[in-house]
Amino acid sequence: MFKIEKADIGHLTTLRIGGLSDFLFFPSTPEELVSLIIQLQDSDIPWSMLGGGSNLLVSSRGVRGAVISTTGMDWVNRISPDTLTVGAGVKMPRLAGQTSQMGLSGCEFMEGIPGTIGGAIIMNAGAHGGWTSNILEKITLIDSHKGEIFTVPASHFDFGYRTSNIDPKRYIVVEAKFRLSDGMPEQIQDKIKQYRRYRAETQPKGFSSGCIFRNPVSCSPAGKLIDEMGMKGFRIGGAEISTTHANFILNSQNASSDQICTLINRIQSNAWANKGIWLQPEVWGVGEFTDEEKVIWLHPNLRNNLSQSESKQAA
Ligand SMILES: Cc1cc2nc3c(=O)[nH]c(=O)nc-3n(C[C@H](O)[C@H](O)[C@H](O)COP(=O)(O)OP(=O)(O)OC[C@H]3O[C@@H](n4cnc5c(N)ncnc54)[C@H](O)[C@@H]3O)c2cc1C
């Protein structure tokens, strides 16, 4: 299995921020992945999974232990007229393109989402009314505590808006079985083109992790809220709120993870103070974050005194 020591993980994320991990592994089969996990668990080496790195903020201070990239796990097998088994490392736009050529509909929404199938299942990625969970029939996982690989119906898990109850610290997605429906390749491809155009018109180009916050349940979408607070274009160091879509933070000039955290904290503090709304990050953190940085993943009511006074100042 391909392995790199002291690998720069930032380059493997769409935000292009991050430090060195002790090890970076690229397994390409389920068997390689299981035996790697067993070895790491037995040696007490911490590990984290990396898909497309499109929903991750990697610490500029680096990541202790092993990072496991799924990019080598990239198979797509048609096992019946309307079902496919797909490796965890397959990129979503590739699956959208490949299934459109097969005349299979259901993956069109994946166009333009720069993640992998593993990440899509963990996050229940969705767009344009389509959700990963809607087409997912079975999932093959590794239980890292037991060192076992098993396949379960997707109905075994709960999926919601950008969430699943699959804990990526314990379970690793190896493969998905999708059930799609028959369609005309031209019509499916037209839909894909339409979604591609929509993204080009509404989302910024540049290094980002997509939407930085989940949309709050009972009010305007996060982007509209941030825009209403007059924060478009606001920046801290190289971290900048996009002027095209305010729910995107761009790494516009060699930003560090602490600049991203400070900017997220500033937005959250403003939203909490002015609108009473908790903007919960959609992005996940990997690596070494300080307690002050980690507060961005905590509801304001749970933050410590230090972060509360920081929030008040920022507001
Ligand atoms: C420009 C842009 C546009 C985007 N648009 C959308 C959108 O429209 N809709 C949407 O839902 N999201 C969107 N995203 C966010 C992101 O692409 C999705 O959340 C995607 O599902 C993340 O997948 P990934 O493979 O990149 O996961 P990563 O970012 O690599 O990882 C995310 C989490 O999943 C875990 N993980 C990854 N692979 C596995 C695995 N095989 N087993 C277990 N755990 C794993 C990681 O450890 C991490 O906890 C966008 C991002 C960008 C940059």
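The values are calculated or read from the model by the stated rules, or taken from the named source; none is laboratory data. Bear in mind the structure is a predicted one, so any value in this text is a computation, not a measurement. So basically every Cβ, Gly included, is an ideal-geometry build from the backbone, and we count neighbours across all protein chains shown.
Of the residues making up segment 57-93, those that are among the aliphatic types (A, V, I, L, M) and more than 13 Å from the ligand (Cβ to nearest atom) are Val76, Ile79, Leu84. Has segment 115-131 got at least one residue that is farther than 20 Å from Gly89 by Cα, modelled with pLDDT of 95 or more and touching a strand residue (DSSP E or B) at 6+ places or on another chain (Cβ under 8 Å)? Scanning segment 115-131, I find no residue that is farther than 20 Å from Gly89 by Cα, modelled with pLDDT of 95 or more and touching a strand residue (DSSP E or B) at 6+ places or on another chain (Cβ under 8 Å), so the answer is no.
Contact map, segment 201-213: first residue at pLDDT 95 or above and near the ligand (Cβ under 9 Å from one of its atoms), second residue among the β-branched types (Val, Ile, Thr) and assigned to a strand (DSSP E or B), Cβ cut-off under 8 Å, separation 6 or more or different chains; pairs are Ser208/Ile249; Ser209/Ile249. Apart from one condition, Ala96 fits all of (1) within 13 Å of the ligand (Cβ to nearest atom); (2) touching an Asp or Glu at 6+ places or on another chain (Cβ under 7 Å); (3) more than 15 Å from Pro185 (Cα to Cα); the exception is (3).
Cβ-Cβ distance below 7 Å, separation of 6 or more or different chains: which pairs start in segment 282-298 with a residue that is without any contact (Cβ under 8 Å) to a residue 40 or more places away in the chain and over 22 Å from Gly119 (Cβ atoms) and end on one that is outside any helix (DSSP H, G or I) and away from the ligand (no atom under 12 Å from the Cβ)? Partner pairs satisfying both residue conditions: Val295/Arg303. Scanning segment 167-182 for residues that are crowded, with 17+ Cβ neighbours inside 10 Å and outside any loop (DSSP other than H, G, I, E, B) gives Tyr171, Ile172, Val173, Val174, Glu175, Ala176, Lys177, Phe178. Among the residues of segment 231-245, just one is on the phi > 0 side of the Ramachandran plot and touching a strand residue (DSSP E or B) at 6+ places or on another chain (Cβ under 9 Å), namely Gly233.
Within segment 128-149, count every residue that is in a strand (DSSP E or B), within 14 Å of the ligand (Cβ to nearest atom) and over 20 Å from Glu111 (Cα atoms). Write out each step before concluding.
As a first pass, look at segment 128-149 and keep what is in a strand (DSSP E or B): 130-131, 136-143, 148-149.
Still in the list and also within 14 Å of the ligand (Cβ to nearest atom): 130-131, 136, 139-143, 149.
Now drop any that are not over 20 Å from Glu111 (Cα atoms), which leaves 139-143, 149.
Final tally of qualifying residues: 6.
Restricting attention to segment 150-166, the residues that are under 22 Å from the mean Cα position of the chain (by Cα) and part of a strand (DSSP E or B) total 4. Is at least one residue of segment 217-233 within 14 Å of the ligand (Cβ to nearest atom), assigned to a helix (DSSP H, G or I) and modelled with pLDDT of 95 or more? Taking every residue of segment 217-233 in turn, at least one turns out to be within 14 Å of the ligand (Cβ to nearest atom), assigned to a helix (DSSP H, G or I) and modelled with pLDDT of 95 or more.
Residues in segment 284-303 that are away from the ligand (no atom under 16 Å from the Cβ) and assigned to a helix (DSSP H, G or I) were compared, and the one that is surrounded by the most Cβ atoms within 10 Å (Cβ to Cβ) is Val295.
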